[in-house]
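Participant: Just passing along the structure, written as structure tokens.
Just so it is clear, none of the values below were taken in a lab; they were calculated from the coordinates. Since the structure is predicted, the reported quantities are computational estimates derived from the model, not experimental observations. Please note: Cβ atoms are built from the backbone with ideal geometry, for glycine as well, and neighbour counts cover all protein chains shown.
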Amino acid sequence: MAVEQKELAVGQELVRIEDLHTQFFTEQGIVKAVDGVTFSIEQGKTLGVVGESGCGKSITAMSIMRLLPEPRGRIVKGKITFFPPQQNNINQTSVDITALDRHSSQMRGIRGRHIAMIFQEPMTSLNPVYTVGDQIIEAIQLHQQVDRDTARARAIEVLEQVDIPDPERRISEYPHQMSGGQRQRAMIAMALSCYPSLLIADEPTTALDVTIQAKILRNMRDLQQEYGMSIMLITHDLGVIGRMADEVLVMYVGKKVEQAEVRNIFHNPLHPYTQGLMKSIPLIGLKDKKLVPITGSVPSPFNLPTGCYFAPRCPQAMDRCRREAPPETEPEPGHFVSCWLYK
């Protein structure tokens with residue numbers, strides 16, 4: 001019995017996030033980790049999500065997966081809609097993920113089967129007391145009606161697809177017996193084992209050398225083209241965004257400050273924060289060009305400034321920026337920015 005492979009229609013909306021508010025309730029106060037973010041992900045496309053640490057990128061992903069540490073952290077407002085891919089020319093009913101119990105069978109069916117995630121630290125994400133193969137096989141059998149032999153064959157197949165050498169032997173190894181790059185690729189293999197519609201990759205190349213980084217990114221791009229899946233790529237590396245993304249979402253302190261196609265973000269960044277990120281990229285061959293860092297630091301979530309959160313660090317800030325939060329505008333088709341400079 002073969003594991004079912006989905007055929008996805010590229011360009012159709014797959015996930016829609018509307019006015020998402022995710023908060024953490026702590027002894028020090030309420031942390032607005034995600035503060036009114038709206039965007040969508042299309043089938044077969046890659047959405048790159050960038051921003052400094054603490055800007056809400058990973059929490060947005062955890063909200064989509066419904067993996068927040070409830071009740072301390074929870075979605076307090078907004079809607080996340082999943083549109084199951086069209087199969088056999090039948091349009092399936094959309095699902096409001098925010099309305100589901102995160103422990104329900106329906107949510108577990110979406111998580112892993114339709115939406116999979118690669119976490120930042122593979123050594124802490126993989127169970128050290130089980131072999132890598134057993135963990136991948138368990139994921140396959142959880143979401144597919146197959147016997148163990150079929151699941152094992154599929155596990156070997158995906159390990160081979162992510163370029164792990166000698167997968168028939170490596171399937172019986174434990175995480176500590178693999179290198180960092182191999183563990184990361186094993187995580188990718190586990191995420192891909194059930195042919196997900198959306199792969200959320202949270203810093204998939206962190207702490208890896210550039211050769212392994214390039215190989216993992218090439219694997220992801222090849223597998224995306226083969227399966228037609230979508231990717232939500234969270235990273236600090238704008239070079240990775242330039243190579244991988246179709247569209248870019250820039251976040252700052254839980255808010256979306258800019259969103260556009262990748263070429264517009266690189267060639268015509270509108271928000272002063274995005275402009276600052278671009279000026280901080282080192283360029284090969286331009287030894288005399290000095291990097292221009294963004295002054296200051298991300299504000300404390302317990303002491304957020306009034307108005308635009310970026311105003312205290314912004315070289316173009318006006319009095320209005322310090323009084324009122326800017327609305328989102330669309331200065332050019334498909335290019336969204338939240339800044340008073342364009343209102």
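Participant: Based only on other Cβ atoms within 10 Å, what is the fewest-to-most ordering of 318, 65?
Facilitator: 318, 65
Participant: Counting other beta carbons within 10 Å of each residue's own, what order do 205, 295 fall into, fewest first?
Facilitator: Ascending number of Cβ neighbours within 10 Å: 295, 205.
Participant: Additional query: What list of ³J(HN,Hα) values in whole Hz, one per residue of the range 41-47 in order, does the Karplus curve 6.51 cos²θ - 1.76 cosθ + 1.60 (θ = phi - 60°) give from phi, with Gly and Pro shown as x?
Facilitator: 10, 9, 5, x, 10, 10, 9
Participant: Please compute the modelled spin-label separation between residue 211 and residue 127, points set 7 Å along Cα→Cβ, answer in nm with one decimal.
Facilitator: 3.4
Participant: Top mean-square fluctuation among 104, 172, 40, Gaussian network model of the chain, C-alpha springs under 10 Å?
Facilitator: 104
Participant: Using amide H atoms built in the peptide plane, which far-off residues or other-chain residues are under 5 Å from residue 44 H to H?
Facilitator: HN-HN under 5 Å from residue 44: 11, 230.
Participant: May I ask which residue of 329, 304, 292 lies farthest towards the positive end of the charge dipole of the range 269-342, with charges of +1 (Lys, Arg) and -1 (Asp, Glu) on Cβ and the Cα centre as origin?
Facilitator: Ranked along the dipole, the leading option is 292.
Participant: Which value in Å does the Kirkwood hydrodynamic radius of the range 125-195 take, with 1/r averaged over all unlike C-alpha pairs and then inverted?
Facilitator: Taking every pair of different Cα atoms in the range 125-195, averaging 1/r and inverting gives 11.6 Å.
Participant: Which of the aspartates and glutamates could a cross-linker bridge to residue 343, judged by Cα under 13 Å and excluding same-chain residues fewer than eight apart?
Facilitator: 324, 328, 330, 332
Participant: Ok, one more. I need 215, 255, 290 ordered by Cβ neighbour count within 10 Å, fewest first.
Facilitator: Placing the least packed residue first, the sequence is 290, 215, 255.
Participant: Quick check on the range 269-342: take the gyration tensor over C-alpha atoms, sort the square-rooted eigenvalues as a ≥ b ≥ c, and tell me if it's rounded (a/c under 1.5), prolate or oblate.
Facilitator: Oblate is the answer for the range 269-342, as a/c is 1.5 or above yet b/c matches or exceeds a/b.
Participant: Let me ask you something else. Calculated FRET efficiency, residue 279 and residue 149, Cβ-Cβ r, R0 51 Å, to nearest 0.05?
Facilitator: The computed FRET efficiency comes out at 0.40.
Participant: Under a point spin-label approximation (7 Å from Cα along Cα-to-Cβ), what is the residue 38-residue 322 distance to one decimal in nm?
Facilitator: Calculated label separation equals 3.0 nm.
Participant: In the range 47-70, whose amide N lies under 19 Å from the spot 7 Å out along Cα-to-Cβ of residue 267? List them in ranges.
Facilitator: The answer is 48, whose backbone nitrogens lie closer than 19 Å to the label point.
Participant: Once you've got the GNM for the chain with C-alpha springs shorter than 10 Å, pick whichever of 316, 43, 184 has the biggest mean-square fluctuation.
Facilitator: Largest GNM mean-square fluctuation: 316.
Participant: Taking R0 as 30 Å, what's the FRET efficiency between residue 297 and residue 99 from their Cβ-Cβ distance, rounded to 0.05?
Facilitator: 0.20
Participant: Something else about it: 222 nm [θ] for the chain, helices only, -39500 (n - 2.57) per DSSP H run of 4+, per residue, to 500?
Facilitator: Working: 12 runs with 106 residues, N = 343.
After summing the helix terms and dividing by residue count, I get -8500 deg cm²/dmol.
Participant: Sticking with this structure for a sec: Which residue fluctuates most in the GNM of the chain (Cα springs below 10 Å): 144, 259, 120?
Facilitator: Maximum fluctuation in the GNM of the chain, among the listed residues, is at 144.
Participant: So, one more: Could you give the dipole magnitude of the range 269-342 about its Cα centre, charging the beta-carbon of Lys and Arg +1 and that of Asp and Glu -1, in debye to the nearest 20? Don't skip to the answer; put the middle values down first.
Facilitator: On the way: 8 positive and 6 negative charges, 86 e Å.
The calculation lands at about 420 debye.
Participant: Out of 133, 76, 172, whose Cα points farthest toward the positive end of the dipole of the chain (charges: +1 Lys, Arg; -1 Asp, Glu; placed on Cβ)?
Facilitator: After comparing all options, I get 76.
Participant: Among 195, 143, 182, flag the residue with its Cα farthest along the positive direction of the charge dipole of the range 125-195, charges on Cβ as +1 for Lys/Arg and -1 for Asp/Glu.
Facilitator: Most positive-ward Cα: 182.
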